[in-house]
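J.: What follows is a structure written as C-alpha cells; I'll ask about it next.
The values are calculated or read from the model by the stated rules, or taken from the named source; none is laboratory data. Everything quoted here is computed from the prediction, not taken from an experiment. Cβ placement follows ideal geometry from the backbone for every residue including glycine, while neighbour counts extend to all protein chains displayed. Note: accessible area is taken over every heavy atom of the protein model, side chains too, but ligands, DNA and RNA are not part of it. Shrake-Rupley method; radii C 1.70, N 1.55, O 1.52, S 1.80 Å.
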Amino acid sequence: MVRYCHPPMGILDGKKVLVTGVLTDDSLAFGVARHAQEQGAEVLLSGFGRGLSLTRRTARRLPETPDVIELDVTNDEQLLAAANEVGQRFGRLDGLVHAIGFAPANCLGNGMLAAEWEDVSTALQVSTYSLKALVKAFLPLLETSVSASVVGLDFDASLAWPGYDWMGVAKAALESLARYLARDLGPRGVRVNLVAAGPVRTVAARSIPGFSRFEEVWDTRAPLGWDLADEEHAVGKATVALLSDLFSKTTGEIVHVDGGFHATGA
Ligand code: NAP
C-alpha cells in the first residue's frame, strides 16, 4: 500500500500579516506573531519611537526573525511610508493586528475627573482612533487580499474597572469603532474583529495603577483559570484563528479570551 505524507498545514499558510505592538516577549502581540508564524504566516512587525530598538531585539526571539518597520500610529507620514513599505514587500495584506494602547498617567488611577481633554484626547487618539488610521492606510493592500482580516486587542469595556478610567472609555469606543468599521469594510472584503483579553503582565499593564487588583480576582473567578504571566499565548492563538479563513463569516465580533471571567458573577 502506498502512503502519502502531506506536510502539516498551518491555518495561516501563505498569509501575509502585519503585527503592531510587539515590545517585549510579554506583549500580547508577541504571542500573536509567534503563533501566526507557527501557522505558516509571513509576519512583519512594526515598532514605535524609543521602543523600536526593543521591538527589533524581541523580534529575534520569534521562531523566525521578522523585519521591523517604524510606525507611530499618530504620524500620517509614517502611516503612508509603512503602507508603501508593506506594499513593496508583500503586494497585499491578508492580516493586520492592532495591539496599540497608551494613556497619559493622569488618565489612569485618578478617577474620571482628574484628566483634562488634552490628555484624554491623546489616550483616545492612540488607543481608539489609531484603529481607523491603521485600517485606512492599509486598506488598498487589504482589499487586494482574497480574504482580509483585521484584529484589534480589547479589554472588556462593558463594565467600569478599578483604575482603568479613561483607557476603559477608549476601549468602549474601540468596541464601537470595530463594529462601524466592520459595517463599512465588509462589502470591501475586509473583516474587523476584536479579542477581549484578560489581564496579562505587560509593559502597558504595569502602567495601570491597581493592576494587581485584577490579578487577585481573575484566576479565582475565571472558570478556566488565568495565569497572568503566560496567557499571551492563549490570546495569540485566538487572534490567529480570527486572522484565518476559519472565521470567514465573522465580523464586528468581540471574542473573549479571559478564561471565561466575563461570563461569571461573584
Ligand atoms: P505592550 O507590550 O506595552 O504593547 C503596547 C504597544 O503599544 C507597545 O508596543 C507600544 O509601543 C505601542 N504604542 C503606544 N503608542 C503607540 C503609537 N503612537 N504608535 C504605535 N504604537 C504605539 O502592552 P500590551 O498589554 O501587550 O498591549 C497591547 C494591546 O493589548 C493594547 O491595546 C492593550 O490595551 C491591549 N490589552 C492588554 C491587556 C493586558 O492586560 N496587558 C488586556 C487586554 C487588552 P511603546 O511601548 O514603544 O510606546
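J.: Quick one: 3J(HN,Hα) in Hz for segment 238-248, Karplus 6.51/-1.76/1.60 with θ = phi - 60°, rounded, Gly and Pro as x.
T.: Once θ is set to phi - 60°, the couplings for segment 238-248 become 5, 5, 4, 4, 5, 6, 7, 6, 5, 10, 5 Hz.
J.: Which percentage, to the nearest 5, of the DSSP beta bridges contained in segment 16-258 is antiparallel?
T.: 0
J.: By how many degrees, 0 to 90 and rounded to 10, does the Cα axis of helix 28-38 deviate from the longest principal axis of the chain?
T.: Between helix and principal axis, roughly 10 degrees.
J.: Cα centroid distance between segment 176-255 and segment 22-100, in Å?
T.: 18
J.: Report Rg (one decimal) and Dmax (nearest whole number) for the chain, counting Cα atoms only, units Å.
T.: 18.1, 75
J.: Convert each backbone phi in segment 149-163 into a coupling constant with the Karplus relation 6.51 cos²θ - 1.76 cosθ + 1.60 (shift: θ = phi - 60°), then list the ³J(HN,Hα) values in order as whole Hz, x for Gly and Pro.
T.: Ordered by residue, 3J(HN,Hα) equals 9, 10, 10, x, 9, 10, 10, 2, 9, 7, 10, 8, 9, x, x Hz.
J.: Right, another one. Tell me, what is the percent relative contact order of segment 16-258, built from C-alpha pairs under 8 Å that lie six or more residues apart? Please report the intermediate quantities before stating the final value.
T.: Working: 485 pairs, mean separation 54.6, N = 243.
The normalised contact order for segment 16-258 reaches 22 percent.
J.: Could I ask something else about it? Give the long-range amide H neighbours of His98: residues separated by 5 or more places, or on another chain, with amide H under 5 Å away, using H modelled in the peptide plane at 1.01 Å from N.
T.: Those qualifying (amide H under 5 Å, at least 5 residues apart or on another chain) are Val151, Gly152, Leu153.
J.: Net charge within 11 Å of Leu71 by Cβ-Cβ distance, Lys/Arg positive one each and Asp/Glu negative one each, not counting Leu71 itself? List each step's numbers first, then the result.
T.: On the way: positive: none; negative: Glu70, Asp72, Glu77, Glu85.
So the surrounding residues net to -4.
J.: Ignoring everything except DSSP H segments at least 4 long, calculate the 222 nm mean residue ellipticity for the chain; use -39,500 (n - 2.57) per segment, divide by total residues, nearest 500.
T.: -12000 deg cm²/dmol
J.: Given H placed 1.01 Å from N in the peptide plane, which residues other than close sequence neighbours of Ser46 have an amide H under 5 Å from its amide H?
T.: Val19, Thr20, Gly21, Val22, Ile69
J.: In terms of modelled amide H atoms, which long-range or inter-chain residues lie less than 5 Å from the amide H of Ala148?
T.: Placed amide hydrogens put Arg191 under 5 Å from Ala148.
J.: So, one more: Accessible area per residue of the chain at 1.4 Å probe, in Å²?
T.: Each residue of the chain exposes 49 Å² on average to a 1.4 Å probe.
J.: A follow-up question, please. If we count every other residue with Cβ under 14 angstrom of Asp219's Cβ, Lys/Arg +1 and Asp/Glu -1, where does the sum land?
T.: Numbers: positive: Arg201, Arg213, Arg221; negative: Glu215, Glu216, Asp227, Asp230, Glu231, Asp258.
Computed value for this residue: -3.
J.: Tell me the net charge near Glu143. Cut-off is 9 Å between Cβ atoms, Glu143 excluded, with +1 for each Lys or Arg and -1 for each Asp or Glu.
T.: +2
J.: Which of the three applies to segment 161-266, rounded, prolate or oblate, going by the alpha-carbon gyration tensor with a ≥ b ≥ c and a/c under 1.5 meaning rounded?
T.: Working: a/c = 2.19, a/b = 1.60, b/c = 1.37.
Prolate, since a/c reaches 1.5 and a/b exceeds b/c.
J.: Determine, for each peptide in 160-166, 220-226, the mean count of other beta carbons within 10 angstrom over its residues, then list the peptides with the highest first. Display every interim value, and only then the final one.
T.: Details: 160-166: 18.3, 220-226: 14.7.
The packing order, highest mean first, is 160-166, 220-226.
J.: At a Cα cut-off below 16 Å, give the lysines reachable from Lys237, other chains included and same-chain residues fewer than 8 away excluded.
T.: List returned: Lys15.
J.: Something else now. Tabulate in residue order the Karplus-calculated ³J(HN,Hα) for segment 207-216, using 6.51 cos²θ - 1.76 cosθ + 1.60 with θ = phi - 60°, rounded to whole Hz; enter x for Gly and Pro.
T.: For segment 207-216, the Karplus curve yields 7, 8, x, x, 4, 4, 5, 5, 4, 5 Hz.
J.: To the nearest 10 square angstrom, how much accessible area does Glu143 have with a 1.4 angstrom probe?
T.: 80
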